[in-house]
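The values are calculated or read from the model by the stated rules, or taken from the named source; none is laboratory data. These numbers come from a predicted model, not from an experiment. Methodologically, a virtual Cβ is constructed for each residue, glycine included, from the backbone with ideal geometry; neighbour enumeration extends over all protein chains shown. For accessibility, only protein heavy atoms count, side chains too; no ligands or nucleic acids. Shrake-Rupley method; radii C 1.70, N 1.55, O 1.52, S 1.80 Å.
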Amino acid sequence: MTRLLQRLFGRLPIGWLQLTHKRGRFAAALAGVAFANVLVFVQLGLMNSMGAATLKPYEFFQADIMISAGDANALSEGGNVARQWMLQALADPDVADGMGLFVSNVLWDRGGTSISFTSFGIDPAHAGFVAPGLTDDQDLLQVPGAVILDRLARGLPPEEAAAIRPQTPLRFEAQGRTLTAMATFAGGGGFGGDGFMLMSDQTFLSLFPARTSAAPDHILLRLRPGSDVAATVTRLRGLISDQSLRIRSFADAAQEDLRYQQTQRPTGVIFGFGVLIGVLVGIVIVYQVLSADVADHLREYATFKAMGYGSRFFLGIVLEEALVLGLFGFVPGVLIGTGILMLMGAVTTLPLTMTPGMAVTVFLGTVVFSALSGAIATRRLAAADPADLF
Amino acid sequence: MSDDPAVDVRGLNHWFGTGDARKQAMFDIDLRLPRGSFTVLMGPSGSGKTTLLTLIGCLRSVQEGSARLLNQELHGAGAEELSHLRQRLGFIFQAHNLHESLTAQQNVVMGVQVSGGIPDDVAQQAAAHALGLVGLSDRINYLPANLSGGQKQRVAVARALVGNPALVLADEPTAALDKDSAADVVDLLKRMGAARGTTTLLVTHDNRILDRADRILTLEDGRIVSVSGQC
Ligand SMILES: Nc1ncnc2c1ncn2[C@@H]1O[C@H](COP(=O)(O)OP(=O)(O)OP(=O)(O)O)[C@@H](O)[C@H]1O
Ligand SMILES: [Mg+2]
């Protein structure tokens, strides 16, 4: 290792030698860096899982534009939209198709426990709005009371979900009605519910008698191939006289929902804070490690200074230390972090995973903050007056 | 050119502190160290020996008067210039000041590489050679913690001399050593200085060393009070 680093730097790897000289202390420093990494990984994992869970239901649909009520910050929030605006929108030459989307939570009471499904009522006749690959069985929804169930829903035993087929449907009671699960799709638990459910708008309305087909929660629009989404959105804003409505591209709606969850909802804000705290604690740890190391070697540095070594040399040493600590602390950090996220994911069924993006971000962050800490710590060297050595 | 003294100090005054605490530590120092000379600097504690050494060694800024080191004026020189000039000096401190994480050889390599642009294997060889000259060829891979006081100070001598410095400044290098080790280290400095034409200025309280000096300077209360030996 020493030889390798010597080649790499073209000088003695003093930072490396210095760090590894006291093995116990080196181990403690690495443990500190690894701990900081794990902390940030867990917080980032939680925050990302909330993001993934927020964006998940948008993946079930294939649409270009979404029209929602002014207060509809998320799919299952806010008032509804009069269906007449869909007919207006369809008058635009670029709008190919429209569909009302109903959203509500449906509780499946399983005697003792209950599973909360975020349920979508769609028009089975407009099959194009269901994302390809989600399910091949949407035609089955035309049967009254038929639903397609999220087989990854939290609290739903996997073997029970696996047995659901059109030939062997699963009947269950919800909202005082009997529903028939004809097929399943892969959704996954989020923060708003345990899982998802698809049904026809007619089945939805039978579950919620207070709702009417004239006012779905959202209106989804699909454009003709090659149409300009942004331009169409602008046109629709002029065409639709109800100025309180939110007319957005479907992708924008998903991103705005994400931002809303992260900045306006308590869970999102708490997770954001968690990441911030994790990063701050991490910075404090690497700063402690590096400044303690500089303080420990002040005398040696003063000697090097007296010998004619300049500030660039000392900066090189602490940067080298930052790199060594970042790298060797990252390896256990990412392993333990992955393990903890997997464990938490298994328990909560939240989409908690270590992504390459997270790993790279945390690694670079560690090295950058270690380097900055080291650079700040070397400013103390200015106080290491070599004249005091004699 | 090379007849110019390695060190030429004229009318040097130095103060410590500011305001009411301001106190003069060096008074009108005149001093010339011919190239290749071996000079011992003596004087009671607090007389200013270390102060003079650090001024000549570019570790303190010259405040008043002139100090020329290797034909370069130190008065008014910038930090970069001074740092660069220090690379041509060899320092030996009272405490050995070796880096505890580095082996004897690696410590000496630091003395080579300060000049920059020296290939690693050349530096390693030079370090091993220098350690051989101070009689430590069988200890080159030892960490300082595993060396005796005399051995550590010999490593420090090797580190100071390995870069062929024009001037070696040593401040009580033998203070922490027993009698035999002290004599060893001074003989070493003298012998290697003579072989390489190095100018040496050595501070000591140790009377046993005096007979090895070409010249003896005595400081008292910041003034040079006596010069003995040829000039
Ligand atoms: N950094 C400093 N700040 C203020 N005064 C100082 C400083 N360094 C030295 N002095 C003062 O300058 C005078 C000379 O000190 P110096 O250390 O040069 O003496 P010395 O001859 O090396 O003594 P010793 O034999 O004890 O090492 C002393 O009066 C000392 O108190
Ligand atoms: Mg002194």
statement: Computed ³J(HN,Hα) along region B:177-191: with the Karplus parameters 6.51/-1.76/1.60, θ = phi - 60°, integer Hz and x for glycine or proline, the list is 10, 6, 4, 5, 4, 4, 4, 3, 5, 5, 4, 4, 4, 5, 5
- line: Both in Å, the radius of gyration and Dmax of the C-alpha trace of region A:82-244 are 17.3, 53
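A plus B alone minus the pair: what accessible area, both sides summed, probe 1.4 Å, in Å² to 100? Each step should come with its number before you reach the end.
Numbers: alone 18440 and 10920 Å², together 26820 Å².
Chains A and B together bury approximately 2500 Å².
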Estimated Rh, chain B: Kirkwood, alpha-carbon pairs, angstrom: 18.1 Å
message: Buried by at least 10 Å² relative to the chain on its own: which residues of region B:41-57 qualify, computing accessible area with a 1.4 Å probe on protein heavy atoms?
response: B:Thr50, B:Leu53, B:Thr54
- line: Taking alpha-carbon centroids only, region A:232-251 lies from region A:183-213 a number of Å equal to 26 Å
field: Karplus-derived 3J(HN,Hα), 6.51/-1.76/1.60, for each residue of region A:276-287, Hz, glycine and proline x
entry: 4, 4, x, 5, 5, 4, x, 4, 4, 5, 5, 5
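For the peptides A:268-278, A:27-37, B:179-189, what is the packing order when you average, over each peptide's residues, the other Cβ atoms within 10 Å and list the highest mean first?
Highest to lowest by the protection proxy: A:27-37, B:179-189, A:268-278.
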- prompt: Roughly how much of B:Ser83 is accessible, in Å² to the nearest 10, using a 1.4 Å probe?
  reply: 20 Å²
task: With viscosity set to 0.890 mPa s and temperature to 25 °C, compute the Stokes-Einstein D of region A:28-81, Rh being the Kirkwood radius across alpha carbon pairs; µm²/s, no decimals.
output: 172 µm²/s
- request: Run the quick spin-label model on A:Ala162 and B:Glu81: label points 7 Å from Cα toward the beta carbon, then report their separation in nm to one decimal.
  value: 8.3 nm
Proximal lysines relative to B:Lys49, as straight alpha-carbon distance under 25 Å, when same-chain residues fewer than 8 apart are discounted: A:Lys305, B:Lys23, B:Lys152, B:Lys179, B:Lys190
- prompt: Regarding the protein assembly as shown, what whole-number volume in Å³ per residue does the convex hull of its Cα atoms give?
  reply: 242 Å³
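Regarding region A:332-390, what's the average projected area of the Cα-atom convex hull, expressed in nm²?
Values: hull surface 23.9 nm².
Over all viewing directions, region A:332-390 projects a mean Cα-hull area of 6.0 nm².
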task: Name the residue farthest towards the positive end of the dipole of chain A from the options A:Met99, A:Thr113, A:Val38, assuming +1 on Cβ of Lys and Arg, -1 on Cβ of Asp and Glu, about the Cα centre.
output: A:Val38
field: At R0 = 56 Å, FRET efficiency that the Cβ-Cβ distance of A:Ala214 and A:Val284 yields, to 0.05
entry: 0.45
field: Heavy-atom surface of the protein assembly as shown, accessible at 1.4 Å and reported per residue (Å²)
entry: 43 Å²
query: For A:Arg224 and A:Thr355, what does the FRET efficiency come to when R0 = 35 Å and r is the distance between their Cβ atoms, rounded to the nearest 0.05?
result: 0.45
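Give a quick list of trypsin sites (Lys or Arg not before Pro) in region B:62-128 that DSSP marks as loop, anything other than H, G, I, E or B, with at most 12 other Cβ atoms within 10 Å.
On the way: sites: B:Arg68, B:Arg86, B:Arg88; in loops: B:Arg88.
Sites meeting the loop and neighbour criteria: none at all.
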- request: Read phi for every residue in region B:134-140 and hand back ³J(HN,Hα) as whole Hz from Karplus 6.51 cos²θ - 1.76 cosθ + 1.60, θ = phi - 60°, with x for Gly and Pro.
  value: 8, x, 10, 4, 8, 10, 5
query: Can you list residues whose amide H is under 5 Å from B:Val168's amide H, if they're 5+ apart or on another chain and H is modeled 1.01 Å from N?
result: B:Gly90, B:Thr199, B:Thr200, B:Leu201
Efficiency of FRET from Cβ geometry, A:Thr267 and A:Gln175, R₀ 35 Å, rounded to 0.05: 0.85
message: Please report the spacing between the Cα centers of region A:293-314 and region B:23-43 in Å, no decimals.
response: 27 Å
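Give, in nm to one decimal, the length gained when the segment between A:His21 and A:Leu276 is fully stretched (0.36 nm per residue of separation minus the Cα-Cα distance).
Details: separation 255, 0.36 × 255 = 91.80 nm, distance 3.33 nm.
Contour length minus Cα-Cα distance gives 88.5 nm.
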field: Accessible area of chain A belonging to carbon and sulfur atoms, whole % at 1.4 Å probe
entry: 61 percent
